[in-house]
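Please read the structure below before turning to the comments.
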Amino acid sequence: MNTDKDIFERMRAGEPIRKEDAEYGKFGEVVSRTIRLCVEMNASALDLDQVRKKLSEIIGTEIDDSTTIFPPFYTNFGRFISLGKDVFINHACSFLDIGGITIEDNVQIGPRVNITSENHPIDPADRTTLLLQPVVIKRNAWIGAGATILPGVSVGENAIVAAGAVVSRDVPPNTVVAGVPAKVVKNI
């Protein structure tokens, strides 16, 4: 463990995070704050501007007015979400962003999409450790309803992820992927 960096810098660098980490409590504080703010946002936001304002508070960066998020929206950390311009996120999406989630401009995300940037080791003795790998959704991609994007995946520019797909590998630009696991079914 590199003690020259705080836990958040180590998370950004993709280092494994263990519950025994001396700074794990700082991480837990952010998670607790994010849970509270998500509950508030989903329960009380009466219009899209209020959703943007509350989600901006969660992620720590102002969300552009051109971006639309339909509640409910869920995240477990929030600080490592980056949203571009003209992004649309439909109802009931869940972003587990401890490893980082970047959504570039003009991305469309259907309802009930799950994006996770975190995993756990296969070894049962180390199962509570967080393994972090960023997810990047490139410009003008479209993620269909109920799709799941797994850690470390990059979805290429103009790509389409079909509804219900489980994406475990990078999606090339200008392609359509479908299935479980998702495979290229068409070039655009």
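Structure above, values below:
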| quantity | calculated |
| --- | --- |
| The chain: most fluctuating residue of Arg52, Arg127, Arg169 per GNM, C-alpha cutoff 10 Å | Arg127 |
| Equivalent ellipsoid dimensions for the stretch 82-188 as semi-axes, Å, which come from the Cα gyration tensor, largest first | 23, 15, 12 |
| Neighbourhood charge, 13 Å Cβ-Cβ cut-off, centred on Asp64 and excluding it, Lys, Arg +1 and Asp, Glu -1 | -3 |
| Sequence of Val171, Val185 when ordered by accessible area, the most exposed leading, probe 1.4 angstrom | Val185, Val171 |
| Percent RCO, i.e. relative contact order, over the chain, from Cα pairs under 8 Å lying at least 6 residues apart | 13 |
| Relative packing of 117-124, 129-136, which averages over residues the other C-beta atoms within 10 Å, highest first | 129-136, 117-124 |
| Asp4, Asp105, Asp49, Asp97, reordered so the largest accessible area comes first (probe 1.4 Å) | Asp4, Asp49, Asp105, Asp97 |
| Reachable lysines from Lys5, criterion Cα separation under 28 angstrom, eight or more residues apart if same chain | Lys19, Lys26 |
| Choice from Ala45, Ala163, Ala125 showing the highest fluctuation, given a GNM over the chain with Cα pairs closer than 10 Å | Ala125 |
| Pairwise FRET efficiency - Ser94 versus Asp64, Cβ, R0 = 22 Å, nearest 0.05 | 0.55 |
| Probe 1.4 Å, accessible area per residue of the chain, Å² | 50 |
| Computed over the chain, Cα set: Rg, Dmax in Å | 16.5, 49 |
| Distance cut-off 19 Å, percentage of C-alpha pairs in the stretch 1-93 lying past it | 44 |
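The values are calculated or read from the model by the stated rules, or taken from the named source; none is laboratory data. All values derive from a computational prediction rather than experimental measurement. Using ideal geometry, Cβ is built from the backbone for each residue, glycine included, and neighbour counts are taken over all protein chains shown. When the accessible area is computed, the model is the full protein with side chains, heavy atoms only, and any ligands, DNA or RNA have been set aside. Shrake-Rupley method; radii C 1.70, N 1.55, O 1.52, S 1.80 Å.
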